[in-house]
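The values are calculated or read from the model by the stated rules, or taken from the named source; none is laboratory data. Here the structure is a predicted model, which means the values were calculated and not measured. Calculation scope for accessible area: heavy atoms of the full protein, side chains included, ligands and nucleic acids excluded. Shrake-Rupley method; radii C 1.70, N 1.55, O 1.52, S 1.80 Å.
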Amino acid sequence: MSRTEFMNQLKNLLWDIPEYEREEALNYYEDYFDDAGAENEAQVIASLGSPEKVAAIIKEGLKEEYKKSIQLR
């Protein structure tokens with residue numbers, strides 16, 4: 001899997017979260033790939049796991065943030 005394929009799959013998997021959150025997450029992972037360099041693309045993908053796994057982590061994090069915001073009210 002290439003970086004482009006990974007990012008496209010991740011974007012598709014995040015269709016159901018708010019646009020701001022989706023863009024923030026996608027920018028984070030684009031920066032992560034950029035920082036690692038093109039020569040390390042395969043290693044980055046291996047360390048992250050599948051796009052499905054990354055999307056699940058992002059969505060779980062959003063749920064936790066929502067729960068915390070509700071508790072603060």
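Points to keep in mind about this one:
- With contacts taken as Cα pairs under 8 Å and at least 6 residues apart, the chain reaches a relative contact order of 42 percent.
- Heavy-atom surface of the chain, accessible at 1.4 Å and reported per residue (Å²): 72 Å²
- Carbon + sulfur, % of accessible area of the chain - ligands and nucleic acids excluded, 1.4 Å: 51 percent
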